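Bear in mind these aren't lab numbers, they're just calculated from the coordinates by the rules spelled out. These numbers come from a predicted model, not from an experiment. Counting neighbours? That spans all protein chains shown, and the Cβs are built from the backbone with ideal geometry, glycine included.
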Amino acid sequence: DIDLPAEQANRLRRYYDRARSRMLTHIEEGSIRLILPDVSKAGYDASPVRLSFADQFMDIDYKLPYDTFHRYRAELMQLAEQYPGFIFDPVPSPLFNNINITIAGDKMVIVSKEKSPTIHFVIYHSRMIRAFQDFIPFEMTK
């Protein structure tokens, strides 16, 4: 779906395959909590989800089409039904527009700013990890 040179497209396909495999391993061995917006088409058009290429340090701004996003959300909901270790939390609006937070159990937290320049903060401090684990976004408390 993304118009990229063949080398970049192949790199992203390999990355996606490895990321999916890691995710399934984490789900089977522990848990993953994924928070995504549950918005109408009009809300989505105002603030669309962008695919993250930050892990690959590729400065690509790709807005995911609403239909594709909606299909992925349905697949994620099915995955959550299959695996008790996968927690899928829909929220009424996006929490952050260009920041991803990845919590790897009690080992580390990775905070990634996706817009150029791409920046990743890796946090190993146990108190900071707990703070991220206990974080409940304001929108989710309503």
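Here are some notes:
- Full extension of the segment from Y72 to D106, taken as 0.36 nm per residue of separation minus the current Cα-Cα distance, would add 9.5 nm.
- Shown is the FRET efficiency for A46 and S21, computed with R0 = 35 Å from the Cβ-Cβ distance and rounded to the nearest 0.05: 0.55.
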